[in-house]
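The values are calculated or read from the model by the stated rules, or taken from the named source; none is laboratory data. In this text, all values refer to a predicted model and were calculated from it rather than measured experimentally. Cβ placement follows ideal geometry from the backbone for every residue including glycine, while neighbour counts extend to all protein chains displayed. Just so you know, the surface numbers come from the protein's heavy atoms only, side chains and all, with ligands and any DNA or RNA stripped out. Shrake-Rupley method; radii C 1.70, N 1.55, O 1.52, S 1.80 Å.
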Amino acid sequence: MGIECVLTAGTDASAAKVATARLGSGRVRHLEIRSLLVQDKCADKSLNIIKVGTTENRADIQTKYLDAKRHTQLVEAPPVR
């Protein structure tokens, strides 16, 4: 009587999206074990990775310089679904 759910995570990095789609480390030299867990969850369809465009990427609030208008837009934006 388990509950099945699919989690969705967003990324703006194309390389990260590609890395989750492959199985194993491939040619990557330094890959953390948790990355393999993400690959496994993507493979069994319990995790879905989606592309988040620059215009709606709320992570930019903490990673890039933003003017006041852009900062306010991202803070007040509804969550990406």
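Inside segment 7-27, can you point out the residues that are part of a loop (DSSP other than H, G, I, E, B) and under 25 Å from THR54 (Cβ atoms)? First the steps, then the outcome.
Of segment 7-27, the ones part of a loop (DSSP other than H, G, I, E, B) are 12-13, 22-27.
ASP12, ALA13, ARG22, listed by residue number.
Looking at the structure I just gave you, is GLY26 among the small types (Gly, Ala, Ser) and more than 12 Å from the chain's Cα centre (by Cα)?
Yes.
Give the residue that is nearest to THR11 (Cα to Cα), with candidates limited to residues of segment 32-55 that are open to solvent by 60 Å² or more (accessible area, probe 1.4 Å) and in contact with a Gly (Cβ under 9 Å, 6 or more places away or on another chain).
Once the filter is applied, the top-ranked residue is LYS51.
Among the numbered criteria (1) modelled with pLDDT of 85 or more; (2) farther than 25 Å from SER25 by Cβ; (3) open to solvent by 60 Å² or more (accessible area, probe 1.4 Å), which one does LEU66 miss?
(3)
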